[in-house]
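No lab work stands behind these numbers, since they all come straight from the coordinates. Please read these numbers as outputs of a predicted model, since none were measured by experiment. We place every Cβ from the backbone using ideal geometry, glycine too, and count neighbours over all the protein chains shown.
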Amino acid sequence: MNHPNSNADGALVDPAATDAVTDTALLQVQNLEVRFQVGSRFGVKKYLQAVDQVSFSIQRGETLGLVGESGSGKTTTALAVARLVSAAAGSVTLDGDDLLNCSGDQLRALRHKMQFIFQDPYSSLNPRLRAEQVVLEPLTNLGKLSASTQLETIDRLFAAVGLRPEQKRLFPHQFSGGQRQRIGIARALATNPELIICDEPVSALDVAVQSQILNLLRRLQSERNLTYLFISHDLGVVQHMCDRVAVMYMGRIVEFADRKSLFNTPQHPYTHALLSAVPSINKRRGAANTRIKIPGDPPDPVNLPSGCRFVSRCPIAIDRCRQEEPVLAGSAQQQVACHRVAEPVPIRQLLADG
Amino acid sequence: MAGNKAVANTAEPVVGKARHPVMEAVAMFFGNYAAVVALIVLLVIITGAVVGPIYYPTDPFEMVWAPFSPPGQEGFLLGTDYLGRDILAAILAGGRVSLAIGLAAAFMSVFIGITVGALAGFYRGWVEEILMRFTEFFQVLPTLLFSMVIVALFGASLPMITFAIGIVSWTAVARITRSEFLRIRELEYVTASRSGGATNFKLIFSVILPNALPPIIVQAALMVGSAILFEAGLSFLGLSDPNTMSWGQIIGSNRPYILDASYTVTIPGLAIFITVLAISLVGDGLNDALNPKLRRR
Amino acid sequence: MNKPILRVEDLTVTLTTRDGIAPVLDNVSFSLNAGESIGIVGESGCGKSMTALAIMGLLPQPVGNIASGRIWFGDEDMVAVSDARMREIRGNDISMIFQEPMTSLNPVYTIGEQIAEVLRRHQNMNRRQAMVRATELLDAVRVPDPARRVRDYPHQLSGGQRQRVMIAIALACEPRVLIADEPTTALDVTVQAQIFELLSDLQSNTGTAVIMITHDMGAIAEMSERMIVMYAGRKVEEGTVDDVLDNPRHPYTRGLIACVPHIQEVVTDQRQPLVEIEGIVPSLSEFGQNACLFASRCRHVTDQCLAARPPEAQVSLQHHAACWHAEKLS
């Protein structure tokens, strides 16, 4: 196992940060909030609460999935964790270091422990750089590398992601989508990070290429003991990749469970609806009429309904749901934010009865 | 073993030549015949202006013959003007000055424009507010009037004329640079560099700016042409350095005789016309070559 | 037997690129019966969208051209008809919905005006009648509060509602064929479920035949009776959805089904690596060769595959696969 603190490239790891970690969690996010100003009227600023009271932690070597539809705040959460958008409140701790309250060189050093894989393999590579320059960029930001170190690093990374060494002088537009994503992964590995945030890493790729990239990510994880924060809207991919899953809706986590609990015994009505909405080759023609349906579209994020955010689409909402926002509660394996889980009748039954 | 398998998985025949995007643009440019012809014309004009006065050392200010000697007669290829000065010598010497002013003024506006536009587009917020208000202030000034005031106040020296032209024409570059920065700063490769620990300085100058350059280059090329025209306009109004010959200066000084000896005005006018047209065509060619949407076609 | 309303015969479409002329559709044939629902599945660049554009007479000009083949709509050959007749058919008898509901609507007109415009052009309705009908259509595609929504501009609607409006426009003239090109790719999965339900209800009510183009096998399974799998401009497999999904005979179809992490009914700790289709799709310059274009990625490849383009082997009455080894792969 290649422990990140003893990596060959050196210089990337803050030695002071490695001790004094009592918790085994690599990343801890607590009550994270992100808001965007969406205009002001009569001097009163209006905000869009993109991420609201989000807390989770990721253990070393595991994959945490964030799922949800567009506008659920999953990507914003990831960007805030990586300090690529600024958080309004909350704390993010990476390996014992407070990420939100550092700056300058300290922040740059911390960023090397946490890298990003982007969704769009076309816009995420600088078209003016050669593949090798793209991959080395995070390292050269820290200082000049010797030519031999560069060569050795490039060859090692290209081999790790399945690119051929003779391709390193090519420009991004000379690669296919899947190969570009491999370059993006090699770039993320360059600094020997501990945490990699994968933001919809395969949703822009063709299905045949998706499986290549997903297998690559799983192989790299087991070889290097990597920790993934994996963001996706595709429940099939999440089921395959993630050890624990947080389901987000309109900026909040509505259900948080390990893989088996979430997919075998989903609790929140939204999770039920999501799972049932995924088209599958096992459901045949006409299945569209038998699934659990949730009506309408997600609400306007600036004017959320009072009480539970899902209330406007929930088929089993009661009065309490309109007045009181449910909080995440449950066991260590599975937590749910829904008033109706406490009832003796299971949610699945309630939904089936309509 | 797993590594070998992955390599085999991506096995496909394409390992094309690593062609730099700039080289592709160059190839594209040379496929555009109008632009290539214009480039050749422009090179001829530049060569004429640079080496012409060396091989044709007649002083353009010296009276060499009787005034108003028509072109081709009495031994002067382009004739003489109202003071009996050799027009060919004036065209060659004036070309140097006109092109130099054009280049220098364009360089100056590109420099100011990129600085203002890049900072505004990158930092957004109050930086952008202030810089763009500043840009708008220069944009609403009547350009010809403003430069006339500058030249009238500080004297009609060559650097001052260049400065006057540059100061009124950088706003277009600033706006283009800003809009390119606004677009590119949101692209994921910029976020990738940021998360890779790049400093703001690096993001601005070595990540975003090279990708923002194509439209700026096109604008700069066109600006050389418009600066030459601008200088001619100022000279025509008599606001030029009387001790340096330029194409506008020839037109301006021969203006009273436009009906009696039209060639004294037509010949420098043609020189300006051909040069500016050639620059525009080269600019167009650059635009097509540097525009990736057209290239994909 | 049902007489097909749309029959594509040996259709070859070429695209002129900087590097030459490539057959992006290579000898493709299929037919569509009245009221039937057929799915076309494949990766990007396989020619599935080109098929739709060729039927609609909307190939990108001047680079895309029909090189050979016939597209029969009833007794008319749409390759040969005049532009005026094509405009009459388009939007009236055959209509299409696109992937991007954001850019398919004109932002300066209300959605009511945009639906009414189609009705006035094809059905000779006056303004009043058309607006009344537009409101009815919005109701039919389950846009809430249609009387008010008819006066809204596209930017006031969500993505899902915009796609409903697109469906309303496409169905305004009660077409006999509806082509849906990735109609839900830009939408969330819960909204996609609503759109699928709407489409299948509308189809059973109106008897419109649907060609559904998608990259998602699951969507095809739920929406279509028959399916066509395309690869590199060619049809590689065709059959009923049950036949193809349960017993795929082309190695590409098999790979396409197996490489996707489908949602499992019961999740266990077991997680096998996904099946990979090795390599990448051929580039346009390799299209049109007299060989199996999938050969470079296929694990069953033999010399025969490289020597000649495989003919369509009949597996059963309705099930064909263009593979030399279709018989053996079962």
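Mean residue ellipticity, 222 nm, helices only, chain C: the sum of -39500 (n - 2.57) across DSSP H runs of n ≥ 4, divided by residue count and rounded to 500, is -9000 deg cm²/dmol. Count Lys and Arg as plus one, Asp and Glu as minus one, and take only other residues whose Cβ is under 12 Å from that of A:Lys260; the net charge is then 0.
Considered as an equivalent ellipsoid built on the Cα gyration tensor, region B:153-274 has semi-axes of 44, 15, 9 Å, the largest given first.
Helical runs assigned H by DSSP (4 residues or longer) give chain B a calculated mean residue ellipticity at 222 nm of -23000 deg cm²/dmol, each run adding -39500 (n - 2.57) before division by the residue total. Which whole number in µm²/s is D for region C:176-229 by Stokes-Einstein, with the Kirkwood Rh taken over Cα pairs at 25 °C and 0.890 mPa s? It diffuses with D of about 214 µm²/s by this estimate.
For chain C, what is the Kirkwood estimate of the hydrodynamic radius, computed as the reciprocal of the mean inverse distance between distinct Cα atoms, to one decimal in Å? By the Kirkwood definition, the hydrodynamic radius is 21.1 Å.
In straight-distance terms, cross-link reach from A:Lys260 covers every one of the lysines whose alpha-carbon lies under 16 Å from its own, apart from those fewer than eight places away in the same chain; here that gives an empty set.
Summing charges over all other residues whose Cβ lies under 15 Å from the Cβ of A:Pro298, with Lys and Arg as +1 and Asp and Glu as -1, gives +1.
Put simply, when B:209-215, C:176-182 are sorted by average Cβ atoms within 10 angstrom per residue, most first, you get C:176-182, B:209-215. For the protein assembly as shown, the orientation-averaged shadow of the C-alpha convex hull comes to 50.1 nm² (one quarter of the hull surface).
With neighbours defined as other Cβ atoms within 10 Å of a residue's Cβ, the residues B:Trp170, C:Trp324 order from fewest to most as C:Trp324, B:Trp170.
Database remark: amide H of A:Tyr249 closer than 5 angstrom to the amide H of A:Val254 (H placed geometrically; neighbours at sequence offset of 5 or more, or on other chains; Pro and chain starts carry no H). By the Stokes-Einstein formula, at 1.002 mPa s and 20 °C, region B:38-140 with its Kirkwood radius over alpha-carbon pairs has D equal to 126 µm²/s.
Evaluating kT/(6 pi eta Rh) at 20 °C and 1.002 mPa s, with the Kirkwood radius of region C:181-299 over Cα pairs in the Stokes-Einstein relation, gives 130 µm² s⁻¹. Scaling against 2.2 N^0.38 Å puts the C-alpha radius of gyration of region C:248-330 at 1.29. Across chain A, the mean sequence separation of Cα contacts (distance under 8 Å, 6 or more residues apart), normalised by length, yields a relative contact order of 19 percent. The smallest convex shape that holds all Cα atoms of region C:79-130, its convex hull, gives 102 Å³ per residue. Only helices enter this figure: runs of n ≥ 4 DSSP H residues, each worth -39500 (n - 2.57), summed and divided by the residues of chain A, yield -8500 deg cm²/dmol at 222 nm to the nearest 500.
Taking each of C:Lys235/C:Lys328; A:Lys283/C:Lys235; A:Lys144/A:Lys168; A:Lys144/B:Lys202; A:Lys113/A:Lys168 in turn, the alpha-carbon distance tops 21 angstrom for A:Lys283/C:Lys235; A:Lys113/A:Lys168. Computed from backbone phi, the HN-Hα couplings of region B:272-281 come to 5, 4, 5, 4, 5, 4, 4, 5, 4, 5 Hz, rounded to whole numbers (Karplus: 6.51 cos²θ - 1.76 cosθ + 1.60, θ = phi - 60°; Gly and Pro given as x). Sorting A:341-347, C:283-289 by average packing, meaning the other beta carbons within 10 Å per residue, from highest down gives C:283-289, A:341-347.
Percent of Cα pairs in chain B per distance bin of 10 Å, from zero to the largest separation: 6, 22, 26, 21, 13, 7, 3, 1, 0, 0. 3J(HN,Hα) along region B:208-218: 7, 4, x, 7, 8, 5, x, x, 5, 4, 4 Hz, from the Karplus curve 6.51 cos²θ - 1.76 cosθ + 1.60 with θ = phi - 60°, whole Hz, x for Gly and Pro. For the peptide C:40-51, the mean number of other protein chain Cβ atoms found within 10 angstrom of a residue's Cβ is 1. Shielding of peptide B:179-191 by partners, expressed as the average count of other chain Cβ atoms within 10 Å per residue Cβ, is 4.
Potential lengthening of the chain between C:Asp139 and C:Val108 amounts to 8.9 nm, from the contour at 0.36 nm per residue minus the alpha-carbon distance. For region A:199-354, the ratio of Cα radius of gyration to the globular rule of thumb 2.2 N^0.38 Å stands at 1.13.
With a 10 Å cut-off between alpha carbons and a GNM built on chain C, which of C:Pro101, C:Pro62, C:Pro311 moves the most? In the Gaussian network model the winner is C:Pro62.
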